[in-house]
């Protein structure tokens, strides 16, 4: 049975989701930040973490975006194969939602039309859209505005199979160490292992949208997530990079089959303002 | 240690600041980020005039979100300082005394800080709503066409920041990380 969905519905949802993501941090992220205060040993680190709590409260009560870098809008669309979209072009509908959300929501317009000519598009479009076709008759939309302080510190490593699990761990630690204070720690570390060059980067981005309460369903990957979080928090970077024990709140790893000759690893770093909103229509 | 300082900066205040100090800045500061830095740098090289005097001033690396009606400014936290590194030594040599941003600086910037008796502060990255409340007024003074990247003059009251590189060249990012690295 085919279900018709009008693209106007998508526009309206994306508009609301861009605004929601930039003013209200998700409950799991808020909880992770709150519990981090007790675990921080550095006095200055605690002070920074307290400021971040205050910042979230002010953002909600006074309607000021949590961070001035309200990001480039990354949109994941998981479209049920029994959905028939009507009423217009899907990509246009997504970008219309982003435009309305950023203009009406007093969000910063941070997108330039050309990477070298660098003229601002003035409505934060276009979004970066990741489509996937899934079973069913619904559309799952995730809007994840991504700030570039942390995006700029992200890396792809094309490792050799012989580098193995230790090579992967070292690559992730290298990316986090190099990111240091630039990525606004405490960070969330999204990792993609396997696939191809672009597949691992996509997985790393998707990993950032995972709930803080979820872990990899694969036992050895889950162990690696826990071990890396511990090791990252021993690097000394701390909140704001000003020294301390809380450098990351979570390490989220996704994996995929890969080629006999390769071991791609992508590390997508996000700051503590790890924004993502999901809705199903 | 907590310290209260005025902007523009005095030599006495700069001399008293040490890496790791938590400071509250009040007074007038300027805002400029990537595009404004590039434009001013190129203007100086072409011996053209620039829209601000650097002498004793603080530049805040920031691009705000739009202000709602009746407010001075929108969300207003620091951006990554390293993107300004290419332009900074020249500005410091021309009299700039303070910078507020976040993240590491190059060796060239650190040397220019020491050479000119200046200071680099970090504000809390990602605390744009909180920092917005410390900004009393905001006025675009140049390069309006750059939108969020225009040069602004801000009046701030008790704007919180941490001294990362002091005028002697001590660098908190290096020392503090060592202290907590196990």
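Values quoted throughout were computed directly from the atomic coordinates according to the rules given, and no laboratory measurement underlies them. This one's a predicted model, so the numbers in the text were calculated from it and none came from an experiment. Glycine also receives a Cβ, built like all others from the backbone with ideal geometry; neighbour counts cover every protein chain displayed.
Just a few scattered comments:
- Rounded to the nearest 500, the 222 nm mean residue ellipticity of chain B from helices alone is -7000 deg cm²/dmol, with -39,500 (n - 2.57) taken per DSSP H run of at least 4 residues.
- Protection proxy ranking, highest mean first, for peptides A:119-131, B:13-25, A:179-191: A:179-191, B:13-25, A:119-131, where packing is the per-residue count of other beta-carbon atoms within 10 Å, averaged.
- Evaluated over the Cα positions of region B:2-180, the convex hull gives a direction-averaged projected area, one quarter of its surface, of 9.6 nm².
- Bridges between two residues of region A:158-281, per DSSP, are antiparallel at a rate of about 45%.
- Residue A:279 paired with residue A:57, simple spin-label distance in nm, labels 7 Å along Cα-to-beta-carbon: 2.9
- Remark: mean inter-chain Cβ contacts per residue of A:40-51 equal 3, using a 10 Å Cβ-Cβ cutoff to other protein chain atoms.
- In percent, rounded to a whole number, the relative contact order of chain B is 29, using alpha-carbon pairs under 8 Å and six or more apart.
- Per-residue shielding of B:69-78, expressed as the average number of other chain Cβ atoms within 10 Å of the residue Cβ, stands at 5.
- Alpha carbon convex hull of region A:1-64, projected area averaged over orientations, nm²: 6.5
- The calculated pair-distance distribution of region A:149-274 uses every alpha carbon pair, bins of 10 angstrom beginning at 0, and gives 15, 50, 30, 5, 0 percent.
- Highest-first packing order for the peptide set B:52-65, A:105-118 is B:52-65, A:105-118, based on the mean count of other beta carbon atoms within 10 Å.
- Average beta-carbon neighbours from other chains, 10 Å sphere, peptide B:169-180: 5
- With N the number of residues in region A:56-109, Rg(Cα) / (2.2 N^0.38 Å) evaluates to 1.48.
- Across chain A, the relative contact order, built from alpha-carbon pairs under 8 Å that are at least six residues apart, equals 26 percent.
- By average C-beta atoms within 10 angstrom, highest first, the peptides B:26-35, A:75-84, A:16-25: A:16-25, B:26-35, A:75-84
- Taking all pairs of distinct alpha-carbon atoms in region A:238-281, Kirkwood radius in angstrom: 14.1
- Pair-distance profile P(r), taking every C-alpha pair of region B:23-113, with 10 angstrom steps and integer %: 15, 48, 30, 7, 0
- Paramagnetic label zone (point 7 Å from Cα along Cα-to-C-beta, residue A:91; backbone N under 20 Å) in region A:9-23: A:9-12, A:14-15
- Take every Cα pair under 8 Å whose residues are at least 6 apart in sequence, average their separation, divide by the length of region A:109-207, and the relative contact order is 17 percent.
- Value of [θ]222 nm, deg cm²/dmol, for chain A, DSSP H segments ≥ 4, -39500 (n - 2.57) each, nearest 500: -12500 deg cm²/dmol
- Cut-off 20 Å (backbone N to label point 7 Å along Cα→Cβ of residue A:134), residues of region A:217-251: A:217-218
- Relative frequency of Cα-Cα separations exceeding 16 Å in region B:105-181, percent: 65
- Of interest is the spacing of the C-alpha centroids, which for region A:198-270 and region A:61-124 amounts to 26 Å.
- Percent of beta bridges antiparallel (DSSP, chain A, rounded to nearest 5): 55
- Beta bridges by DSSP in chain B, antiparallel share as percent, to the nearest 5: 55
- Size descriptors for the protein assembly as shown: radius of gyration and Dmax over Cα atoms are 22.3, 77 Å.
- Expressed per residue, the C-alpha convex hull volume of region A:86-138 stands at 107 Å³.
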